[in-house]
Amino acid sequence: MFFYLSKKIAVPNNVKLKCISWNKDQGFIACGGEDGLLKVLRLETQTDDSKLRGLAAPSNLSMNQNLEGHSGAVQVVTWNEQYQKLTTSDQNGLIIVWMLYKGSWYEEMINNRNKSVVRSMSWNADGQKICIVYEDGAVIVGSVDDENEAELLGERHWSDQYRWDSLVPWHRRLRGARLPLPGNLL
């Protein structure tokens, strides 16, 4: 089965988009771009089976929110679907974890290593751990704090330094990464 979605979304001042990520479980789409642009969109879902007979249903946005917090170009966006959180990073290395509260997205946590730019981030399947890869070769595995699940990146489990060129083949798809991690961290 194939689906096709076409929806024109206004981007302020013709800002160029740098990244996009889809949360298929909740229907959110996050778009990041230059000048700190970060938008979260949500498409209304059609649940009436009588209208789903191969015809394109009208698609309306039930959310179109601009999130403010980044000053540089947003380069990485990734979802933690288990905890319904959005994690973003910009060209300055700033990482922000966003949470959905009463229908709007808010900053939950901010982290800035102040040494390098994030090139890729990915949460594991159960949403408990995140792997962050920096341009300078640093790789960090952090987790949700077990005592306070709302505090993401609460504990650093492992970190190491790699040459960036050795990470390039898999940096876009961390789920397939084969790092020499101790134990079963990912």
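The values are calculated or read from the model by the stated rules, or taken from the named source; none is laboratory data. Being a predicted model, the structure only gives us computed values, none of them experimental. Heads up, the Cβs are rebuilt from the backbone with ideal geometry, glycines too, and the neighbour counts pull from every protein chain shown. When the accessible area is computed, the model is the full protein with side chains, heavy atoms only, and any ligands, DNA or RNA have been set aside. Shrake-Rupley method; radii C 1.70, N 1.55, O 1.52, S 1.80 Å.
Before moving on, here are some points about what is shown:
- All other residues whose Cβ lies under 11 angstrom from that of residue 115 are scored, Lys and Arg at +1 and Asp and Glu at -1, for a net of -1.
- Computed with every protein chain present, the accessible area of residue 107 is close to 80 Å² [probe 1.4 Å].
- Largest accessible area first, the listed residues 18, 129, 39 line up as 18, 129, 39 when surface is computed with a 1.4 Å probe on the assembled protein chains.
- Segment residue 44-residue 84, extension gain: residue separation times 0.36 nm, minus the distance between their alpha carbons: 12.7 nm
- Compared with the alpha-carbon gap, the fully stretched path from residue 115 to residue 15 is longer by 33.3 nm at 0.36 nm per residue.
- Full-stretch length increase - residue 107, residue 22 - with 0.36 nm per residue and alpha-carbon distance subtracted: 28.7 nm
- In nm, spacing of pseudo-spin labels at residue 62 and residue 8 (7 Å Cα→C-beta vector): 2.5
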